[in-house]
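Heads up: the structure comes next, in structure tokens.
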Amino acid sequence: MVNSIAATIDLQHDEANLDQKVACPLLALWSAQGVVGRRHDVLETWHERATNVCGKALPGGHFLPEEAPEEIYEALHEFLVK
């Protein structure tokens, strides 16, 4: 019983804040060969929830940090220093 309550509290919080957008700059990175980019327009999805979104697909598949660490570093560095 406790697990089902804990699992649904996030959904309740999400529902309560659906009309609010993330106001801080947001960087979205995803794997070019992964499922997310094939199934979703990642930036469009985040634009629905945030006001200032940038990002891109990086070369990689299932576990991006292992497959593209330099590319992740470069994207994070560029995002954080601008």
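Under the shape rule built on the C-alpha gyration tensor, where the axes satisfy a ≥ b ≥ c, the range 21-81 is oblate, since a/c reaches at least 1.5 while a/b does not exceed b/c.
Got the relative contact order for the chain handy, in percent, Cα pairs under 8 Å and 6 or more residues apart?
28
Taking the longest Cα principal axis of the chain as reference, the axis of helix 69-81 is set at about 70 degrees. Considering helices alone, the calculated mean residue ellipticity of the chain at 222 nm is -14500 deg cm²/dmol, with DSSP H runs of length four and up weighted by -39500 (n - 2.57) and normalised per residue.
Model label points for GLN12 and LEU76, set 7 angstrom from Cα along the Cα-to-Cβ axis, are 3.4 nm apart.
Bear in mind these aren't lab numbers, they're just calculated from the coordinates by the rules spelled out. Worth saying up front: this structure is predicted, and the values here are computed from it rather than measured. Please note: Cβ atoms are built from the backbone with ideal geometry, for glycine as well, and neighbour counts cover all protein chains shown.
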